[in-house]
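Structure record follows, encoded as structure tokens.
None of the figures in this text is laboratory data; all of them are computed from the coordinates on show. As the structure is a prediction and not an experimental result, all values here were calculated from the model. Cβ placement follows ideal geometry from the backbone for every residue including glycine, while neighbour counts extend to all protein chains displayed.
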Amino acid sequence: MKRDVPNTRMNSIVVLADDLTSAGDGAAPFRRAGHRARVLLPGQVDDDVIPPHDGEGVVAVDLGSRLLAPAVAETLTERAASAHAGADLLIKTVDSTLRGHIAAEIRAAREGSGRRAVVIAPAFPAEGRTTVAGVQHVRGVPVHESEFARDPVHPVVTSDLTRLLPEAEAVDAGDGKALDLLPELLAGGGVFVCSAVTDADLDRLVAAVPRPGDVLWVGSPGLAAALARHHPRIPGAAALPRLPAAQRPLVVVGSAHPATRRQLERLRTRSDVTAVETGSGAGGDAAPGVGTGGDADPGVGTVADPRSGGTGSEPGSEAMRDAGGPAAAVGSLRGAAAPVLVVHTPDGRCDPAEADSLTGRLAVAAARSAVEGLADGLLVTGGETAAAVLEALGAAGIELFDEPEPGIARGALLGPLRIPVLIKAGGFGDDTTLERLTRLLIAGGDGTARG
């Protein structure tokens, strides 16, 4: 059955995410559809701060809950959903490979939001993530049999959403007869896991829901894009100034995902690139609290802009001494002649404690490079890494400008340094993605990457 695409305009749209890249790729499709969109960090969990919603545009909140204990993640998600229960459209993002506290956070968001019906559709066809008979796949392979099963922090143990959520009822978005019954099912409340293998399936699913504001939507960038297509804003209503071109971009790679590592390997073979690794040697330069949700030492975890009178770590301080840490990395970048800079963690996966330490070192190195003016644009891959870099720079979030590719968010930092930034999840993209996005940073504005 063919359905007309609704042209519903909504003033307040809230995205609740468990990491920064999920917040970015959940909000970016709405920016493309004409909405103003911001990605915000909530601050330290202990501060009990949930960023407010001002009633217009899209706000995507990175709750940072993927790395928290399940009970803490559940409490934080419920509180955030309650705070934003009045939004015209409420979206809870989930990882398209089912990493994180999926079931606990969905239940918490439902409870907090007061919405009786939950529509779950984690498919992201543009990146090969599909849902078939309630089972999540990556390029045809069930996610628990893919490389995501070896994730060091959140290894995926099941691909079956109905096992994660036994209370859910299965709906096939590719089945027109099943979608015809969906409005009646939603009216009675409940949780619905929706299979989808194409963007058209997701469009049909969204079109089948008569009152989208009454539903808690749960999904990945694929569902966000479908919702954005069905809820556009007046063209030009959220126009932003041109995003400046980066004369010297810095690519920050903290993800250990093989897709990102292939992209990094290709990028660092170019003659116009200087790549520096931040090591894991012992020393006092890690950034406690950066990307962990803990209390950061202001002399280590935050690299403040000296021009603003901040008290960030200075070169040569205890926080910067390790020969394999931020001081060495920044020193190497400072002397580089190449126009494109790269700072990255070592190849290969490591245990969660070491990964956290490496992320802290990487964030300090990246932030110091930006503060010193060595770089005037950032491309960051990995959600935890992106949040750590923003926190180290004292940024509250990102003002989104556009979505140059599916799952990629581009904007400007909301902080002392309002420089352009691109963020990308570690598992997204092909082998040339980092090259393309680097060229896009250099192009600036609404320019198109070339070369």
- Step through the residues of the stretch 394-400 one at a time and calculate ³J(HN,Hα) from phi using the Karplus curve (6.51 cos²θ - 1.76 cosθ + 1.60, θ = phi - 60°), rounding each to whole Hz and writing x for Gly and Pro. x, 7, 7, x, 9, 8, 7
- In debye to the nearest 20, how big a dipole does the stretch 12-230 give about its Cα centre with +1 on each Lys and Arg Cβ and -1 on each Asp and Glu Cβ? 320 debye
- Note on the structure: What the Cα atoms of the stretch 12-230 span along the principal axes, largest first and in whole Å, is 45, 39, 32
- Counting Lys and Arg as +1 and Asp and Glu as -1 over every other residue whose Cβ sits under 11 Å from the Cβ of residue 229, the net charge comes to -1
- Task: Quick one: compute the contact order of the stretch 12-230, relative version, from alpha carbon pairs under 8 angstrom and 6+ residues apart, as a percent.
- Result: 24 percent
